[in-house]
Each structure stands twice: as C-alpha cells, then as structure tokens.
1. In deg cm²/dmol and to the nearest 500, what is the mean residue ellipticity at 222 nm of the chain if only DSSP H runs of at least 4 residues count, each as -39500 (n - 2.57), divided by the residue total?
2. What is the gain in length, in nm to one decimal, between Ala39 and Asn123 on full extension, counting 0.36 nm per residue of separation less the C-alpha to C-alpha distance?
3. Considering the dipole of the chain built from charges on the beta carbon (Lys and Arg +1, Asp and Glu -1) around the Cα centre, which of Val96, Ala39, Ala14 is farthest to its positive end?
4. Whole Å is fine, so just give me how far the alpha carbon centre of region 27-51 lies from that of region 74-141.
Amino acid sequence: MQIDLILAPMGVLAALTFAVLGLVPLARFRATGAKHVTADDFKYGESARVPPGTSIPNRNYMNLLELPVLFYVICLMIYVTGRLTELQLGLAWAYVGLRALHSGVHLTLNIVMIRLSLFAMSNLVLMIMWLVFFFGPRPGG
C-alpha cells in the first residue's frame with residue numbers, strides 16, 4: 001500500500017481545523033458589530049457576556065486542537081515506520097469523518113447527545129488506531 005495515503009486524512013483534518021478557525025473571528029466581529037459584546041470581552045479569552053452562539057466556533061476550534069494531536073502523532077508514526085494497512089487507513093478516514101460530523105453538529109444544530117455520541121465514537125476510533133499500531137497486524141504480515 002502506498003504509504004503517503006495516510007497523509008490525506010491528516011490534510012483534511014487540518015483543513016477542517018483552519019475552516020473552523022476562520023469562523024471564530026467572524027462570530028466575534030458579528031457579535032461586536034451587533035453590540036452584544038465589546039472587544040474587551042475577548043481580552044482574556046471570553047467573558048461571561050459573550051453569547052453562547054459566539055463561543056461555539058471557538059470551543060469547536062479548541063476541540064480540534066486537543067485529541068486530534070494524538071491523531072496526527074499516530075498517523076506520523078504509521079508513516080515513518082511504513083506500517084500503513086488498509087485497516088489503519090480506514091480508521092484514519094473514519095476518525096476524520098466523525099470529527100467533521102461532530103464539528104457540523106456542534107456548529108449548527110448543537111444537539112448535545114448527537115454531538116457527544118460523535119465525539120465518543122471518534123475517540124474510540126482514535127484509541128483503536130493506537131492499539132492496532134502496537135498490537136495489530138503488520139503490513140505484509
């Protein structure tokens with residue numbers, strides 16, 4: 001299997017992260033322009049005056065910088081060691097898909113139980129990727 005295929009899900013997740021990052025200032029400028037907040041409400045993060053809808057893009061962005069770090073690490077470990085399997089590639093794409101769905105729900109409907117389920121499933125997939133790397137089948141093995 002072509003080892004650089006593992007880079008594609010990493011690139012898609014990075015693109016999602018940058019897209020959500022772009023939503024953060026948009027939400028903040030919109031709230032400031034509508035006079036719901038002032039610039040000082042963001043001086044030390046987000047004050048209690050920041051409307052919940054304005055906080056959601058920032059919270060989602062932070063989510064995309066937390067556990068996904070372990071996704072990038074495991075993908076790089078797979079790449080460097082040349083241990084890419086169809087299973088690992090499938091898990092990588094499943095992880096990215098679940099994170100994209102999580103972001104989509106979080107940024108739109110924000111139904112907590114759906115969001116939580118997607119978040120939990122993505123974390124389970126990530127954990128499986130790590131277990132497969134250390135204990136699963138090797139390429140050609």
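Just so it is clear, none of the values below were taken in a lab; they were calculated from the coordinates. Just so you know, these numbers come straight off a predicted model, no measurement behind them. Glycine gets a Cβ as well: all are built from the backbone with ideal geometry, and neighbour counts include every protein chain shown.
1. Per the formula, -24000 deg cm²/dmol.
2. Result: 26.7 nm gained on full extension.
3. So the residue furthest toward the plus end is Ala39.
4. The two parts, judged by their Cα centres, are 34 Å apart.
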